[in-house]
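The values are calculated or read from the model by the stated rules, or taken from the named source; none is laboratory data. As the structure is a computational prediction, the values presented were derived from the model and not from experiment. Here the Cβ positions follow ideal geometry from the backbone for every residue, glycine too, while neighbour counts run over all protein chains shown.
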Amino acid sequence: MSKKLLILGANPETIPLIKRVNERGLVSYVMGKEKHSPAMEVAKFSILGDASNIKLVKKIIKKHKIEGILLGTVDVLLPVYEKVCRELKLPCYANKKSIKFFSSKKNFSSLCRKFEFDQVPDYTSYIKNNKKLHNKFFPVLIKPTDSGGGEGAKVCHSNFEITQAVKNALKKSKKKNFICQKYFLEDDIQLYYTIIRGKIYLSCVVDRTTNKNQENKSPVCIGANYKSKYLNLIIDKYNKKFQKMVNFLKLKNGILSIQCFVKNKKLYPYDPGFRLQGEGQHLVLNKINNFNHLDMLINLSLGKSFFSGNFKKLNDPFLKNKFICSVWILLKKGVIKKIINLEKIKKHKSYIDILQRFKINDKIKSEFLATEKQVFARIYISSNKKKELINSINYIHRNLKILDKNGDNLILDNFKLL
């Protein structure tokens, strides 16, 4: 009889994981709060409910005799995943120590200080003590300590704006906590590690380009370059620090993302993700380096080895010297009535994969703006030469049209690779 796996969170970005569970002949259960989530449609069984409710999750597991749990791409569900696995004695890649530091941006900052990473200037204590910030400290970014995808975040240029932003951040925070940090306009990168038997392997680094023109709200990525100009810097200067961090947290297996700013060749880590990422690095790594993080996570959830064999031989952070990027298609507020040339783009010689979030008749609500919920899709492309990749990006932007009922294009911005 096929084993049953429960996936926590029904984001569209979870669909590749659900599909892989199905392809392996396992029975997929997906739990989430959205009635019309496309992820629910892909799963064998969908459960409408709050996946952050630990008692409810445990009840579902016992009722359906589920044998393993998988975490999707939702940050706030990481502590639920770990606690339910621990209490029901199910396989899990996280532990209590990692949850403490990876499910709170404030705690993550303290972890980074312990390992002597440079820190983004933090003004949270000033704000909490009702002190006014001097003009020289602006702009600052207010955000919940426990949210992801830009939700509840706002760029502030005055103390008046801070007051409003704090109220909004607290509404979006389950822990009712926020942080206030210097708003960096430096280079933004994302490190993506694979942890196997206690050792970390840098699987890729992406340079992120963000849109910063949405009413002082949190910047949203519009494209990621997988041929990072900082790859050698990370390998030469920072890998050992992250290995010490993994040892301190006593992690044995898993995938770990760390977003950082880079200034004057110094790394400023600011956001961890101990889970699959919305960016979808696992899709690129599967196509280019021939290892599948989805299979590895499924194996672990079934109590099998996370990875068997020589991972070092497969893992190539230089991605075979190919030029690769993801093109994020951000949308304005509106309702999608027409999608033009998407199938044509999928036939392009540079096309690798797509992670699509919206379809015809879907609505992009005002509260989606300046969060990853406004992303129509991430389109992954690869070429042997940089010029070919740039031409492929331009091809996407020339051809893809997403129209509302008036025939107006809903696409917000175009990604340019420099």
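Would you confirm, using the coordinates I've provided, whether VAL21 is in a helix (DSSP H, G or I) and either assigned by TED's automatic domain parsing to the domain that holds ILE354 or within 21 Å of LYS250 (Cα to Cα) (or both)? It is false that VAL21 is in a helix (DSSP H, G or I) and either assigned by TED's automatic domain parsing to the domain that holds ILE354 or within 21 Å of LYS250 (Cα to Cα) (or both). Taking the conditions (1) within 23 Å of TYR380 (Cα to Cα); (2) in contact with an Asp or Glu (Cβ under 8 Å, 6 or more places away or on another chain) in turn, PHE291 satisfies each one other than (2).
Counted as qualifying within the stretch 127-185 are the strands (runs of 3 or more DSSP E) with 1 or more residues that are touching a Gly at 6+ places or on another chain (Cβ under 9 Å) and on the phi < 0 side of the Ramachandran plot, namely 140-144, 178-182. Residues in the stretch 113-139 that are crowded, with 19+ Cβ neighbours inside 10 Å and within 30 Å of GLY280 (Cβ to Cβ): PHE117, VAL120. Within the stretch 278-305, residues that are more than 20 Å from PRO317 (Cα to Cα) reach partners that are small (Gly, Ala, Ser) with beta carbons closer than 7 Å, at six or more positions or on different chains, in the pairs ASN299/SER305; SER301/GLY68; LEU302/GLY68. When you look at ASP188, is it surrounded by fewer than 22 Cβ atoms within 10 Å (Cβ to Cβ), charged (D, E, K, R) and in contact (Cβ under 8 Å) with a residue 60 or more places away in the chain, yes or no? Yes, satisfied. Condition check: touching a helix residue (DSSP H, G or I) at 6+ places or on another chain (Cβ under 8 Å), surrounded by 24 or more Cβ atoms within 10 Å (Cβ to Cβ), under 30 Å from ARG113 (Cα atoms) and hydrophobic (A, V, I, L, M, F, W, C). Does PHE248 satisfy that? Taking the combined requirement at face value, the residue does not satisfy it.
When only residues in the stretch 210-227 that are in a strand (DSSP E or B) and either touching a Phe, Trp or Tyr at 6+ places or on another chain (Cβ under 6 Å) or under 19 Å from GLY148 (Cβ atoms) (or both) count, which is modelled with the lowest pLDDT? If you could, list the steps in order and put the result at the bottom.
Of all residues in the stretch 210-227, those in a strand (DSSP E or B) come to 210-211, 217, 220-225.
Now restrict to residues that are either touching a Phe, Trp or Tyr at 6+ places or on another chain (Cβ under 6 Å) or under 19 Å from GLY148 (Cβ atoms) (or both): 210-211, 217, 220-224.
Working: THR210: 89, ASN211: 82, LYS217: 67, VAL220: 89, CYS221: 93, ILE222: 95, GLY223: 97, ALA224: 97.
Top of the filtered list is LYS217.
Looking only at residues of the stretch 351-384 that are of a type in the set (Gly, Ala, Ser) and out of contact with any Ser or Thr (no Cβ under 9 Å at 6 or more places or on another chain), we find that the one that is nearest to ASN414 (Cα to Cα) is ALA377. Failed condition for TYR126, given (1) at pLDDT 90 or above; (2) farther than 17 Å from ILE258 by Cα; (3) among the aromatic types (Phe, Trp, Tyr), with all others met? Answer for TYR126: the failing condition is (1).
Do you know which residues across the stretch 377-411 are loosely packed, with under 14 Cβ neighbours inside 10 Å and either among the hydroxyl-bearing types (Ser, Thr, Tyr) or assigned to a loop (DSSP other than H, G, I, E, B) (or both)? Across the stretch 377-411, the qualifying residues are ASN384, LYS385, LYS405, ASN406, GLY407, ASP408.
In the stretch 64-123, what count of residues is obtained for those that are among the aromatic types (Phe, Trp, Tyr), within 23 Å of ASN247 (Cβ to Cβ) and outside any helix (DSSP H, G or I)?
Looking only at the stretch 64-123, we keep the residues that are among the aromatic types (Phe, Trp, Tyr), and these are 81, 93, 101-102, 108, 115, 117, 123.
Now restrict to residues that are within 23 Å of ASN247 (Cβ to Cβ): 81, 93, 101-102, 108, 115, 117.
Within this subset, residues satisfying the condition of being outside any helix (DSSP H, G or I) are 93, 115, 117.
The qualifying residues number 3.
State yes or no: is ASN225 within 18 Å of the chain's Cα centre (by Cα), surrounded by fewer than 19 Cβ atoms within 10 Å (Cβ to Cβ) and under 29 Å from SER350 (Cα atoms)? Considered against the rule, which asks whether it is within 18 Å of the chain's Cα centre (by Cα), surrounded by fewer than 19 Cβ atoms within 10 Å (Cβ to Cβ) and under 29 Å from SER350 (Cα atoms), ASN225 comes out as no.
Only one of the numbered conditions (1) out of contact with any strand residue (DSSP E or B) (no Cβ under 7 Å at 6 or more places or on another chain); (2) at pLDDT 95 or above is not met by LEU418, and that is (2).
Is it true that some residue in the stretch 308-323 is exposed (fewer than 15 other Cβ atoms within 10 Å of the Cβ) and of a type in the set (Asp, Glu)? Looking for residues that are exposed (fewer than 15 other Cβ atoms within 10 Å of the Cβ) and of a type in the set (Asp, Glu), one finds none in the stretch 308-323, hence no. Would the stretch 354-366 turn up any residue that is closer than 19 Å to CYS221 by Cα and in a helix (DSSP H, G or I)? Scanning the stretch 354-366, I find at least one residue that is closer than 19 Å to CYS221 by Cα and in a helix (DSSP H, G or I), so the answer is yes. If only residues of the stretch 13-35 that are of a type in the set (Asp, Glu) and in contact with a Leu (Cβ under 9 Å, 6 or more places away or on another chain) are counted, the one that is nearest to MET296 (Cα to Cα) is GLU13.
Answer yes or no: is there a residue in the stretch 41-52 that is under 22 Å from the mean Cα position of the chain (by Cα), farther than 18 Å from TYR81 by Cα, not in a helix (DSSP H, G or I) and not aliphatic (A, V, I, L, M). Checking the stretch 41-52: not a single residue is under 22 Å from the mean Cα position of the chain (by Cα), farther than 18 Å from TYR81 by Cα, not in a helix (DSSP H, G or I) and not aliphatic (A, V, I, L, M).
Scanning the stretch 213-245 for residues that are over 20 Å from ASP316 (Cα atoms) and either in contact with a His (Cβ under 8 Å, 6 or more places away or on another chain) or not charged (D, E, K, R) (or both) yields ASN213, GLN214, ASN216, SER218, PRO219, VAL220, CYS221, ILE222, GLY223, MET245.
Is there a residue in the stretch 353-373 that is β-branched (Val, Ile, Thr) and either farther than 30 Å from CYS92 by Cα or out of contact with any strand residue (DSSP E or B) (no Cβ under 9 Å at 6 or more places or on another chain) (or both)? Walk me through how you get there before you give the answer.
Step one: of the stretch 353-373, the residues β-branched (Val, Ile, Thr) are 354, 360, 364, 371.
With the extra rule that they be either farther than 30 Å from CYS92 by Cα or out of contact with any strand residue (DSSP E or B) (no Cβ under 9 Å at 6 or more places or on another chain) (or both), the set shrinks to 360, 364.
The answer is yes, given that some residue of the stretch 353-373 is β-branched (Val, Ile, Thr) and either farther than 30 Å from CYS92 by Cα or out of contact with any strand residue (DSSP E or B) (no Cβ under 9 Å at 6 or more places or on another chain) (or both).
Scanning the stretch 349-389 for residues that are under 15 Å from the mean Cα position of the chain (by Cα) and among the acidic types (Asp, Glu) gives a single hit, GLU372.
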